[in-house]
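Please treat every number below as a calculation from the coordinates, not as lab data. As the structure is a prediction and not an experimental result, all values here were calculated from the model. Glycine also receives a Cβ, built like all others from the backbone with ideal geometry; neighbour counts cover every protein chain displayed.
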Amino acid sequence: MKNQFSPGDRFTWCWIVLGCVSSGSVATAQEPMAQPSSYVAATVLDEEIRLRVISPAEVEHNRSKLSEKDFARWQADSRWRPLVSKVSHRVMSDWAKQNDVQPTREEIQKHFTDEARQHLQAYDTPATKKQLAVAMGWAIATSSEWATAKALHEKYGGPIAISSFGGCIAIEGRNQLVKEYAAAGKIRFTDPELEKLFWEGLENPSVLDVTIREPERVANHFKRLPWQGWGMRTAKWMEENADLLKGLDTEPQDKADAPSDK
């Protein structure tokens, strides 16, 4: 089946020019241009991978609060973690597309819609529509990741990492793919120091919130399809958090308010 759901990071590059206008409406030539908010750290399949620029204020804040050792760790973590995440996500998305291992968005959507119709009719109100939409959107995205992780685990084996929001990564498969893509020249870094941090970070045992290593537990994680029981679990969350939902309007809610698909 053709993969139509390969969520990837999309970055907007925006230059903000601060113009100081004189009484004659002429911008002062000496006015400095604002610093960019991100920079290109690598390219994967000719697609730019950007990292945010850490402001001097944030650096000084952490320098004053952390020990010298912890500050050095923070500086490294703030670079390699997002870089590993973005590069590996782009690689795994491409691999999933090339190997046709994911259901289409429409197929996944149907499964979650059926679950919602069966268990969430009581919560289909103007005040909760946004919460349900965000919850379903997350569930669809994590199901795509689940399908890729399952296929990679079947090919490479090894432990899996799971996030508190339901995301899943086959660690050994991710690492092998990234190495293969790099060897083929499909990954290029703009800075040798960043490249060194990236490869060190790739081998870091801390990937997501939970790492499962026992083969039986890994197998059990892939036995249950992500959408099975999603409606019932979400309905339970809605019931337990009824007080939080009272009085909510239909304006978009922050992600943190939505239930995780656990």
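For this structure, a couple of remarks:
- Inter-residue pairs, beta-carbon under 7 Å, first more than 21 Å from LEU208 (Cα to Cα) and in the stretch 50-77, second of a type in the set (Phe, Trp, Tyr), 6+ apart: VAL53/TYR39; ASN62/PHE71; ASN62/TRP74; ARG63/PHE71; LEU66/TRP74
- Evaluation of ASP100 against the conditions (1) surrounded by 16 or more Cβ atoms within 10 Å (Cβ to Cβ); (2) under 19 Å from ALA170 (Cα atoms); (3) not hydroxyl-bearing (Ser, Thr, Tyr) shows that the sole unmet condition is (1).
- Number of the exception - THR125 against (1) more than 29 Å from ARG217 (Cβ to Cβ); (2) not in a loop (DSSP other than H, G, I, E, B): (2)
- When each of LYS97, LYS69, LYS86 is tested for being more than 30 Å from PHE222 (Cβ to Cβ) and not hydroxyl-bearing (Ser, Thr, Tyr), the lone residue that passes is LYS69.
- Selection of the stretch 194-209 for residues being surrounded by 11 or more Cβ atoms within 10 Å (Cβ to Cβ) and of a type outside the set (Lys, Arg) yields LEU194, GLU195, LEU197, PHE198, TRP199, GLU200, GLY201, LEU202, ASN204, VAL207, LEU208, ASP209.
- Positions within the stretch 43-102 being part of a strand (DSSP E or B) and either of a type in the set (D, E, K, R) or within 16 Å of VAL178 (Cβ to Cβ) (or both), in sequence order: THR43, VAL44, GLU47, GLU48, ILE49, ARG50, ARG52
- Scope the stretch 38-82; condition over 23 Å from VAL207 (Cβ atoms), surrounded by 12 or more Cβ atoms within 10 Å (Cβ to Cβ) and of a type in the set (Asp, Glu); matching residues: GLU48, GLU58
- Each residue in the stretch 119-134 was checked for being farther than 10 Å from TRP230 by Cβ and more than 26 Å from the chain's Cα centre (by Cα), and 7 pass.
- The stretch 203-236, residues that are touching a residue at least 60 places away in the same chain (Cβ under 8 Å) and either within 22 Å of SER38 (Cα to Cα) or touching a strand residue (DSSP E or B) at 6+ places or on another chain (Cβ under 6 Å) (or both): VAL218
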